[in-house]
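A short write-up of the structure that comes next.
The values are calculated or read from the model by the stated rules, or taken from the named source; none is laboratory data. Computed from a predicted model, the values in this text were never measured in an experiment. Cβ coordinates were reconstructed from backbone atoms using ideal geometry, including for glycine residues, and neighbour counts include every protein chain displayed.
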Amino acid sequence: MSDAYERLAETVREVEELRWASGLDRASVFRLKDLSFHTSLPESDIGRLLDGEPVEAPASGPGELARRIAFLRETRLTVDAHTGGPRPYTTAEIAAGSGMTPQWHGKLLNRSTPNIWHGAGLAKFFDVPMEYFTHTPPEAVKRVLDGKVVPGLTAFLKNPSHAVRNRHAMQIQLRLGDQELPPHLEAALMAFVDAITHENAVTPKT
């Protein structure tokens, strides 16, 4: 097994130790949907990687790059000005935001070889690290665990008594990940939280 798999296994063990200390369930910590969102890997492959099993390495080259760009277009959405609902970015919007012409963006999706400037522009536009376009599967999963899961659990455990009282809130946060909710769902969630807070508020003694 390669060094990348061994390094991932070490990180998974670290996350498991933090998970046990926090009392959170495994599904809330190793959120496959969120890990897929940040890596472009299928959830089934991520599950095998977390269990220490190897997965088929993607073919290198323009074809794999085109797949990863297409995944970003499918999962990073913007708000439609007319309907208020989510929609994919247009080719023109991506090109303008990443510093390339629409023709060049079309070439990338058609498996043309990009240069470093194209990768940097796309990474900035979609708010992903440059490594998103180059990492192997175990490297990609380790990157997300190191950058998001471990810091989140560590911060959660800084105050153990606070962590226990708010365990379910942490589970909700981990399950949502970086998803941007539509305005109506965000308002509904906040109204629900406000109702819970009000219901459990302690009236101060006079």
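At a glance:
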| read-out | value |
| --- | --- |
| Search result, residues across region 1-42 that are of a type in the set (Ser, Thr, Tyr) and farther than 18 Å from Tyr132 by Cα | Ser2, Thr11, Ser22, Ser28 |
| Some residue of region 118-136 being touching a His at 6+ places or on another chain (Cβ under 8 Å), outside any helix (DSSP H, G or I) and at pLDDT below 90 | no |
